[in-house]
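Here's the structure, in structure tokens; my notes come after.
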Amino acid sequence: MSTQKPVHTIVLDTGAIIKNHPTVSTLLAQAESLVTVPAIITEIRDAATRSRVETQLSPFLTLRSPTPDSIKVVSDFARKTGDLAVLSKPDIQIIALAYELECERNGGDWRLRRVPGQKGLNGSPPSKAKPEESKDDSSAVPGDDAGTIAVQEISPVENASAESSVTSTEDQPEADASKPADATDADLKEVTDDLASANLKDSVTSSQPEQVQAAEQEDESDSDSDGWITPSNLKKQQAKDAGVSVSGPAEPSTMQVGTLTTDFAMQNVILQMNLNLLSPSMHRVKNLKTFVLRCHACFQICKQMDKQFCPRCGGPTLTRVACSTDSKGEFKLHLKKNMQWNTRGDRFSIPKAVHGSSNGRIQGGGKGGWGNDLILAEDQKEYLNAQTLQKRSKERDLMDEDYLPSILTGARGKTGGRIKVGAGRNVNARKR
């Protein structure tokens, strides 16, 4: 007997293929078909990864290129969200392929968004009459069950009242039957009301201890399970550590198209378009939390995390800010409440540039050589030279005799492998 898989089609990105997470067996167990674009396969340069993909994944992988119309729709949407500058051509093709498959499987883009921040979706499902009929039928069944239960509960009382009315009318004469009958009916109504209220009180009092015990058991289980990692919440904890928020219960209906990627810019566009986004643990991601760079001077949002200068105003005023994208496609920045901009180094002006000597005796800059090779803009030759030097010295031999770690040398200005920009924190410190 064939079981229905939770996802029909999964669109794979390069990260999931190279990292092999999730594995091929997991993908085949969760989806009917695996699809990607041909440009993704050409991005794999590692020989071991390429051989693994060719032997394990290629027999089950379908290569398909999106149409130019789908690429145009995704490009326009990514331009409005501000992610187009950091998206490569294969990334745009992956999102366009997911968009195209979503329209094919669902009969149009009625469940997607055309503009970032759009309230609601593009439209309603094309076939809406059948679900309404099924809903009416399903809603009518519980109502009928409830009605039969109510009738079964009330029927003994009604039977008893009917029997008592019959016996009372039989015992009394026919001439006086009307007056006593009215009296007995009123009395019987009062009796039935008293019996119904007593039965309700008994049922409520009997159910209260059971509800209290169940609530106490739930509280005890919740208090015991808080903070512990169990086999039931292992995948949620892994997704939480990865920086994404997944939906808790599994959706009963089959997901038509899902995209598996770890790139933040792609995830942001996918969520804002309301496409289905999957995490490596094969859960649907509905809330995304990550970081961006925000300029403190002109408030420009930069999603290239390796940038040190603002792409709009050119100043070294980029700060790392947390951001989130929810299931409705709303992008929010989470700023610090009492953020203080560091003004250290603004008391004294930058020294006038003075040329040095060829033998190196005069270094230039201010007193003691301060201000020499000072980096203040991205297009300075000193910054370009520092970038070239950083690429050359990226791999260091720890067994080299001339190498000393920063904890011994005291060089803390280049923490994190970033180039030192500006005069530094101690520019106005008193000289000893």
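Tabulated results
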| item | result |
| --- | --- |
| In the range 1-50, residue surrounded by the most Cβ atoms within 10 Å (Cβ to Cβ) [restricted to those that are at pLDDT 90 or above and among the acidic types (Asp, Glu)] | ASP13 |
| Count of residues meeting criterion [in contact (Cβ under 8 Å) with a residue 60 or more places away in the chain and either in contact with a Cys (Cβ under 6 Å, 6 or more places away or on another chain) or within 30 Å of ASN122 (Cα to Cα) (or both)] in the range 298-342 | 5 |
| Residue check for GLU54: open to solvent by 50 Å² or more (accessible area, probe 1.4 Å), in a helix (DSSP H, G or I) and of a type in the set (D, E, K, R) | yes |
| Residues (more than 27 Å from ASN20 (Cα to Cα), open to solvent by less than 50 Å² (accessible area, probe 1.4 Å) and outside any strand (DSSP E or B)) located in the range 281-306 | CYS298, GLN300 |
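The values are calculated or read from the model by the stated rules, or taken from the named source; none is laboratory data. Note that this is a predicted model, so its numbers are computed, not measured. We place every Cβ from the backbone using ideal geometry, glycine too, and count neighbours over all the protein chains shown. Quick note on the areas: whole protein, heavy atoms, side chains included, nothing else; ligands and nucleic acids left out. Shrake-Rupley method; radii C 1.70, N 1.55, O 1.52, S 1.80 Å.
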